[in-house]
Amino acid sequence: MKQRITFIQRVDAGFDPQQAVLTASSLSVRGLDAAREDRITVGLDELPEEFRAVLEQSHELHLRWASERSFDAVPPFSSRVSPGLHVHYTPLESESSSEALCTLLRTVVAPTKDAQYKDCLKQEDSFITPPLRSTQFASASLQYYTYLPSIQSLVRYIQTTVCGHSRADGPECHTRADALLSADSVDIDYDSVSRALTVSGLWTSPPTGGWTDQFRKPASAADQIEFGLLGADAGLEPEEIKMGGLLAVVGLDEKLKPTMFSFPSRHQSLPEPSTYAVSFASPTGLHPTMSISMPQSSLKRPPAPSDTTCALHTYLTLPSTIFGDQYQLATTDPLFLESHNLVALRALAGEMDLEAPDWVVQRWGSNWLLELSTPRETEDATTTPDPSNWTATIPLHLRYLPPSETGHRTAHIPWPVVFWACTAEDDTNMGVNPFDRTNLGWDSLFHPRTLFYQLQPAGDRLVEEVDVPVLRLEGGDGYFQGKHIELGTCVFISLGFMWVLWRLACVAWSSGVGNKRTKGVHDKKE
């Protein structure tokens, strides 16, 4: 097992050498004001049998979980996904079934009874096939998502199953697993080439008083702990990140070693704070409109090379309870697009049935990539910046949901990610980044050398709750209940049927009387 512990301090953060002390058997840190990433890599032989059986059927498997709490992503960990659990999966054989993977996901997710959760049965029924815009970008062939506010079940699974099978079993393994509950994001990656599983946890801010921890020398010579205390800054080139600080391998190095290096990174931070907020106009009804508001000061062009083309995008992850109309959003009508501050729908995948209720939909939902328009830049540098927000709106639709005792259900809709995408130089190699992060869902929709500049969400909670009216079950008060509506429907259908029969009888009787009168007139003439 290999561990990599990385602390990222701000450039202006102070540091005392006594805050990181390395001895022959351990490394201790005290009061560090920094972001933190813990990465653990284990081989298949160190995993329990049920987990290993799933991975041996996988060409690649990537899990991305993000908290619904707001947090500020810091370089080199600037990339984002919408809150919840994202699964990107490619089976080893294209025709193989993923029932074992779904069984594992149900154990890991363990949704509560009232959770908004689309059950995972097997890949052909539950996963969607994401669009692949770039043939040069390696991307998983199947995708799954579920709203997951907590990873308590995942932590419990690691403690009861993985820790017990690992060489590092003991209180430390359980403590490290418990720490994931406060993480802002957790990644799990596996590919059949390396045959290794990597688990990464990211904390973008320290606990009260800073990070205080101790990392002991592994008992086994096959295990290793790498430590890094680094700072990140802009590199000499627009696509580069420069980092410097201290490195050590616990139990092997006698002292912390100074280092400085730079590398190209596909995920960059904007030089000035750039934020956005998401909301739904109230009352939402069954056709809510998502509003993405951004201060116009946040929409300055990123510091990408001048010969590159940059565009602002948003990537929506919509559970099955809500969807967009692909025909409406894919329009080229300039009046519609300008009224919503949209440029075009660039990609979509998933459930697109406009009429199906939620209980008929099998797959988890849909993804949408839209390009957003930005305010026109003024040539007059003396012009006072516009203090108003720039708002893009996206019309959506709610599906009919199962009935409830209250007559209402809550749809949890994660905030989309908003980012600039800029083309990079053709000779830029993004594969040398030791902190690179791929398989986010939206990154594979662009050229592999695209630079992404992420806007930061400005909100305490990155999930919107939309109240959806549904049929009220028996047992509640009022006339709008399932029993009353069912009885009323039967009565009205019966009355309508009797009215139709009566009208047919009247027509038949009128036709018969008319025929008799006509015959009598003809007899008199004769």
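May I ask you to list the residues in the range 418-443 that are at pLDDT 90 or above and not in a loop (DSSP other than H, G, I, E, B)?
Matches in the range 418-443: 418, 419, 420, 421, 422, 443.
Looking at 279, 274, which one is surrounded by fewer than 18 Cβ atoms within 10 Å (Cβ to Cβ) and of a type in the set (Ser, Thr, Tyr)? Even if it seems obvious, please write down each step before you answer.
Details: 274 fails: surrounded by fewer than 18 Cβ atoms within 10 Å (Cβ to Cβ).
Exactly one residue qualifies, and that residue is 279.
For the list (1) in contact with a strand residue (DSSP E or B) (Cβ under 7 Å, 6 or more places away or on another chain); (2) free of Cβ contacts under 8 Å to residues at least 60 places away in the same chain, I need the number of the one condition that residue 271 fails.
(1)
Select, from 160, 204, the only residue that is closer than 27 Å to residue 78 by Cα and β-branched (Val, Ile, Thr). Spell out the reasoning first.
Working: 160 fails: closer than 27 Å to residue 78 by Cα.
It is 204.
Restricting the search to the range 41-74, which residues are closer than 30 Å to residue 460 by Cα and modelled with pLDDT of 90 or more? I'd like the intermediate steps shown before the answer.
Taking the range 41-74 first, the residues closer than 30 Å to residue 460 by Cα are 62-74.
Within the range 41-74, 62, 63, 64, 65, 66, 67, 68, 69, 70, 71 qualify.
Assuming residue 133 fulfils every condition listed in (1) touching a helix residue (DSSP H, G or I) at 6+ places or on another chain (Cβ under 9 Å); (2) surrounded by 15 or more Cβ atoms within 10 Å (Cβ to Cβ); (3) modelled with pLDDT under 90 apart from one, which condition is it?
Every listed condition holds for residue 133 apart from (2).
Would you mention how many residues in the range 297-340 are of a type outside the set (A, V, I, L, M, F, W, C), more than 14 Å from residue 374 (Cα to Cα) and within 23 Å of the chain's Cα centre (by Cα)?
Within the range 297-340, residues that are of a type outside the set (A, V, I, L, M, F, W, C), more than 14 Å from residue 374 (Cα to Cα) and within 23 Å of the chain's Cα centre (by Cα) number 8.
Being within 25 Å of the chain's Cα centre (by Cα) and either at pLDDT 90 or above or assigned by TED's automatic domain parsing to the domain that holds residue 246 (or both) narrows it down to one of 32, 92, 85, 101, so name that one. Step through it out loud before you land on a result.
Details: 32 fails: within 25 Å of the chain's Cα centre (by Cα); 92 fails: either at pLDDT 90 or above or assigned by TED's automatic domain parsing to the domain that holds residue 246 (or both); 101 fails: either at pLDDT 90 or above or assigned by TED's automatic domain parsing to the domain that holds residue 246 (or both).
Among 32, 92, 85, 101, only 85 is within 25 Å of the chain's Cα centre (by Cα) and either at pLDDT 90 or above or assigned by TED's automatic domain parsing to the domain that holds residue 246 (or both).
Residues being assigned to a loop (DSSP other than H, G, I, E, B) and either among the hydroxyl-bearing types (Ser, Thr, Tyr) or farther than 16 Å from residue 388 by Cβ (or both): count how many of those fall in the range 270-312.
Within the range 270-312, the first condition is being assigned to a loop (DSSP other than H, G, I, E, B), and the residues that meet it are 270-274, 281-288, 300-309.
Now narrow it down to the ones that are either among the hydroxyl-bearing types (Ser, Thr, Tyr) or farther than 16 Å from residue 388 by Cβ (or both): 270-274, 281-288, 301-309.
Residues meeting the conditions: 22.
Being under 17 Å from residue 433 (Cα atoms), at pLDDT below 90 and aliphatic (A, V, I, L, M) is true for just one of 281, 221, 234, 304. Which residue is that? Before you say what the answer is, go through the steps one by one.
Values: 281 fails: under 17 Å from residue 433 (Cα atoms); 221 fails: under 17 Å from residue 433 (Cα atoms); 304 fails: under 17 Å from residue 433 (Cα atoms).
After ruling out the rest, the residue left standing is 234.
Please work out if residue 205 is within 22 Å of residue 36 (Cβ to Cβ), modelled with pLDDT of 95 or more and not charged (D, E, K, R).
Numbers: within 22 Å of residue 36 (Cβ to Cβ): yes; modelled with pLDDT of 95 or more: no; not charged (D, E, K, R): yes.
Answer is no for this residue.
Please specify each residue of the range 313-329 satisfying the condition of being part of a strand (DSSP E or B) and within 14 Å of residue 289 (Cα to Cα).
The first filter runs over the range 313-329 and keeps only residues part of a strand (DSSP E or B), leaving 313-319, 322-323.
Result: 316, 318, 322, 323.
Please state which one of 183, 168 is at pLDDT below 85, of a type in the set (A, V, I, L, M) and farther than 26 Å from residue 59 by Cα. If you could, list the steps in order and put the result at the bottom.
Working: 183 fails: at pLDDT below 85.
After ruling out the rest, the residue left standing is 168.
Which numbered condition in (1) modelled with pLDDT under 95; (2) in contact with a Leu (Cβ under 7 Å, 6 or more places away or on another chain) is the only one that residue 341 fails?
It is condition (1) that residue 341 fails.
The values are calculated or read from the model by the stated rules, or taken from the named source; none is laboratory data. Keep in mind it's a predicted model, so treat the numbers as computed, not measured. For neighbour counting, all protein chains shown are included, and Cβ atoms are generated from backbone atoms with ideal geometry for every residue, glycine included.
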